[in-house]
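S.K.: I am attaching a structure below and will ask some questions about it afterwards.
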Amino acid sequence: MNRALALSAALLLPAATAQSALTLTRAVQSALAGGTDVRTAQANLDKATATNKAAQADPSTLAAAKLSAQNTQALARVGLRAARLSTLQSTVNAYTALLEAQENVELQALQVQVDQKALQVARVKLSVSNATPLDVQRAQNTLAGSTEDLADARAQVNLASARLATLTGLSGGVRAAGPPNVPPLKTSLASLRTGLNTNLTGVVSAGQAVSEAQLAVRLADNDFTPARTLADARTTLANAGRSLDAAQKNAQTTLAGAYQTAQNAAAQLGVAQSREAAAQRSYTQDAARLRSGTISAVTLQETQLALKQARFARLQAQDAVLEALAALSVAAGQNLSGLGGTL
């Protein structure tokens, strides 16, 4: 096999996975098990549960205190789910950032090789008076730029690795094992809207404020409570009702936006996959042309770079789908990412 062709083929093989490589599934599991926000939310729920149990069992506890304790427990339960979903989203984002950083190192390394070859070609052309010193200088500048980009890409890997290690509680130096499968979005927007008011902490909290204000009105609506107290309670209830309405509308708007983003990301992934397939066909054809002697190894290397760029674009599109699903999960208050199970 032609040496240049063999080198090109080798460069297109997946990089060896280090023993410390981490799958997204394991990363999410580790973050959910040891995440600070999740543990804090669990502790808050445990405390609220114990307080509510004591309040409901104590015959001296008044109605308002009992309702408050009950609401606090319910809100803590929703808060725990929200903390888990937020942790899942943060982990997905950190993992995809590391995955893209790793892939970008390979892409930039190949770019450096292409620019090195371009500089060699420019120097050879200059030696036979088929190029100018300016052409060589331009090639040198391009190579210097791509070399700097490669150094920056390697630094980004270290930063992304440290971020993921912090979120998961694992030792430093972790690597992303590779892109996970992207689950399709099968749930309709109408289905996600069902139960939305009970899944989000902001809406639940606003709803609880209404229930507590309603109780205050009932307790004040009698002959022995000052009229001013009843009027204030009714004002509080009206304000709480408006706040609840605003919270519900905001939740619906946020959900619709997140759902549209997820749909758009899935469509863009399809486009990126088509472009990658086209780039793969071009590379296969040029590899055959090199074997037949109709193109040079330099041309094949350029085709190889185009394929690598298409693969990177497809990876970014795939990651965008995962990130959109994680964001949609937070907006819907339920896990739609296919990771971590029912949270």
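S.K.: Hey, what angle do you get for helix 297-332 against the long axis of the chain, alpha-carbon based, 0 to 90 degrees rounded to 10?
M.R.: Approximately 0 degrees, to the nearest 10.
S.K.: Hey, if you put +1 on the Cβ of every Lys and Arg and -1 on every Asp and Glu Cβ in the range 112-152, which of A131, T142, V114 ends up farthest toward the positive end of that dipole?
M.R.: A131
S.K.: Quick check: the angle from helix 227-292's long axis to the longest principal axis of the chain, C-alpha only, nearest 10 degrees?
M.R.: Long axis of 227-292 versus the principal axis of the chain: about 20 degrees.
S.K.: Of (i) 49, 20, 17; (ii) 41, 24, 18; (iii) 60, 20, 17, which one was derived for semi-axes √(5λ) of the Cα gyration tensor in Å from the structure shown?
M.R.: It is the value labelled (iii).
S.K.: I'd like to compare 127-135, 96-104, 205-213: which one has the highest average count of other Cβ atoms within 10 Å, and what's the full order after that?
M.R.: Taking the mean over residues of other Cβ atoms within 10 Å, the ranking is 96-104, 205-213, 127-135.
S.K.: Could you point to the residue in A279, L200, A155 farthest towards the positive end of the chain's charge dipole, with +1 and -1 charges on the Cβ of Lys/Arg and Asp/Glu respectively?
M.R.: Going by the charge dipole, the pick is A279.
S.K.: Next up: Given Cβ point charges of +1 (Lys, Arg) and -1 (Asp, Glu) and nothing else, what value in debye, to the nearest 20, does the dipole of the range 102-245 about its Cα centre take?
M.R.: Taking the Cα centre of the range 102-245 as origin, the dipole is about 280 debye.
S.K.: So for D286, D221, what's the accessible-area order with a 1.4 Å probe, most first?
M.R.: So, going from the largest accessible area down, we get D221, D286.
S.K.: How large is the charge dipole for the chain, taken about the Cα centre, if only the Cβ atoms of Lys, Arg (+1) and Asp, Glu (-1) carry charge, to the nearest 20 debye?
M.R.: 540 debye
S.K.: Solvent-accessible area of L219, probe 1.4 Å, all protein chains present, reported in Å² to the nearest ten, please.
M.R.: My reading of the accessible area for L219 is about 90 Å².
S.K.: With every protein chain in place, what's the accessible area of R154 (1.4 Å probe, Å², nearest 10)?
M.R.: Counting only protein heavy atoms, the figure is 130 Å².
S.K.: What FRET efficiency comes out for R39 versus Q263 if R0 is 56 angstrom and r is the Cβ-Cβ distance? Round to the nearest 0.05.
M.R.: For R0 = 56 Å, the calculated efficiency reads 0.95.
S.K.: Let me have the 222 nm mean residue ellipticity of the chain computed from DSSP H runs of 4+ only, each contributing -39500 (n - 2.57), with the sum over all residues rounded to the nearest 500.
M.R.: Result for the chain, helices only: -28500 deg cm²/dmol.
S.K.: Here's something else I'd like to know. Protein chains only, probe 1.4 Å: how do F312, F224 rank by accessible area, largest first?
M.R.: Ranked from most to least accessible, the order is F224, F312.
The values are calculated or read from the model by the stated rules, or taken from the named source; none is laboratory data. None of these values were measured; they are calculated from a predicted model. No Cβ is skipped: glycine too gets one built from the backbone with ideal geometry, and neighbour counts run over all protein chains shown. Please note that ligands, DNA and RNA were not included when accessible areas were found on the heavy atoms of the full protein model with its side chains. Shrake-Rupley method; radii C 1.70, N 1.55, O 1.52, S 1.80 Å.
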